[in-house]
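All remarks here apply to the structure that follows.
The values are calculated or read from the model by the stated rules, or taken from the named source; none is laboratory data. For clarity, every value in this text was computed on a predicted model and none was experimentally measured. Positions of Cβ are backbone-derived with ideal geometry, glycine not excepted, and every protein chain shown enters the neighbour counts. Only protein heavy atoms, including side chains, enter the accessible area calculation; ligands, DNA and RNA are left aside. Shrake-Rupley method; radii C 1.70, N 1.55, O 1.52, S 1.80 Å.
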Amino acid sequence: MAYSALMRVMVEAARKAGRSLARDFGEVQNLQVSMKGPGDYVSQADRKAEEIIYTELARARPGYSFLMEERGVVEGEDAQHRWIVDPLDGTTNFLHGIPLFSISIALERQGQLTAGLVYNPAMDELYTAERGGGAFMNDRRLRVAGRAKLSDSVIGTGIPHLGRGHHGNALIELRNVMGEVSGIRRMGSAALDLAYVAAGRMDGFWENGLSPWDMAAGILLVREAGGFVSDRDGGPGMLDTGGIVAGNEAIHKALLKELKKPAPVR
Ligand code: IPD
Ligand code: CA
Ligand code: CA
Ligand code: CA
């Protein structure tokens, strides 16, 4: 695959961090783990991967700013460019030995998403997209699925857990959507969920309470694969509101409608 100079930088950082994650995944029981809040863990593996990505990107593009899950904000001299990084999306899966986790790296230029990468090291699946250039998995061009009816669809989501609010709303949404679709998946990595929508493996995805690093790269992947992504109101405020709905045009629209419905009558 002939990547641009920018994408080569991102791919190199992701592959190097991916090797570190793969090593740690093999010895997951020996990792130091700490709790950030109820049900919210971070491990040495997250921090090591983040350090690798930070070092690689900062060396290749000096002065760019960063928003990273563990390290937070790093202001660079170049405020026009910002990396948005989740070094390990799916920490809970990782710590349980479930090989569904990813690295997510996005670049914003003047507030606009211009490049995105999601990498699942356990399956060696590398999803990349640049604005206007299409989306790819390894060297295969991606296209969102063509199914137009919710009744034919498999839809991904994330549901809140211990320490995460809105359990009641989540149940209402789940009950409304699950009654209309072929299947619901809760994979545990929002970045990977979006990559799967881009790849046409899942027909749609919605989640609430996400952070920018969970979504930024995946949003570009879905759009560049011909899909639609919005916040809960159909607007562009995903990174600000933490709510996201994605799919092809028809599924995106149908999901938005389902999510607005009140609680089903028993
Ligand atoms: C989590 C994953 C998960 C989503 C959570 C996120 P993390 O990210 O994306 O799928 O449901 O809301 O926090 O903490 O494993 O990077
Ligand atoms: Ca986390
Ligand atoms: Ca995450
Ligand atoms: Ca993370």
Once all protein chains are kept in place, L171 shows an accessible area at probe 1.4 Å, nearest 10 Å², of 100 Å²
Taking a label point 7 Å from the Cα of A2 along Cα-to-Cβ, the residues of region 98-118 whose backbone nitrogen sits under 19 Å from it are none
Magnitude of the Cβ-charge dipole (Lys and Arg +1, Asp and Glu -1) of the chain about the Cα centre, nearest 20 debye, reported as 620 debye
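Can you give me the % of accessible surface on region 5-141 that is carbon or sulfur? Probe 1.4 Å, all protein chains present, nothing else counted. Before the final figure, lay out each step's value.
On the way: 2900 of 6250 Å².
C and S fraction of accessible area: 46 percent.
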Heavy-atom accessible area of T92, protein chains in place, probe 1.4 angstrom, given in Å² to nearest 10, is 80 Å²
Close lysine pairs (the chain; alpha-carbon distance under 25 Å; 8 or more apart or on separate chains) counted at 7
Extension length gain for D40 and K257 (0.36 nm per residue less Cα distance), in nm, is 75.0 nm
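Taking the Cα centre as origin and putting +1 on Lys and Arg beta-carbons and -1 on Asp and Glu beta-carbons, what dipole magnitude results for region 5-141, to the nearest 20 debye? Can you show the working numbers first?
Values: 16 positive and 20 negative charges, 67 e Å.
Rounded to the nearest 20 debye, it is 320 debye.
Looking at the square roots a ≥ b ≥ c of the eigenvalues of the Cα gyration tensor of region 5-141, which shape do they give, rounded for a/c under 1.5, prolate if a/b is larger than b/c, or oblate? All intermediate terms of the calculation are to be shown ahead of the outcome.
Numbers: a/c = 2.03, a/b = 1.36, b/c = 1.50.
Taking the square roots of the gyration eigenvalues as a ≥ b ≥ c, region 5-141 is oblate.
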Computed about the Cα centre, the charge dipole of region 88-147 from +1 Lys/Arg and -1 Asp/Glu charges at the Cβ has a magnitude in debye, to the nearest 20, of 300 debye
Counting only protein heavy atoms and leaving out ligands, DNA and RNA, the solvent-accessible surface of F228 at a 1.4 Å probe, in Å² to the nearest 10, equals 80 Å²
Put R147, R8 in order of accessible area, largest first, probe 1.4 Å, and you get R8, R147
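Which of rounded, prolate, oblate describes region 141-213, given a ≥ b ≥ c as roots of the alpha-carbon gyration tensor eigenvalues and a/c under 1.5 marking rounded, otherwise prolate only if a/b is larger than b/c?
On the way: a/c = 2.86, a/b = 1.32, b/c = 2.17.
It is oblate, given that a/c is not under 1.5 and a/b is not larger than b/c.
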Under 19 Å by backbone N from the virtual spin label 7 Å along Cα-to-Cβ at D78, the residues of region 203-228 are 217
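At 222 nm, what helix-only mean residue ellipticity would the chain give, in deg cm²/dmol to the nearest 500, using -39500 (n - 2.57) for each DSSP H run of four or more? Walk me through the numbers on the way to the answer.
Numbers: 8 runs with 94 residues, N = 266.
Computed mean residue ellipticity for the chain: -11000 deg cm²/dmol.
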As a percent rounded to 5, the proportion of antiparallel DSSP bridges among beta bridges in region 150-260 is 55 percent
The farthest towards the positive end of the charge dipole of the chain, of the residues T55, A22, M137, given +1 on Cβ of Lys and Arg and -1 on Cβ of Asp and Glu, is M137
Residues whose built amide H sits under 5 Å from the amide H of E69, excluding neighbours closer than 5 in sequence, are V85
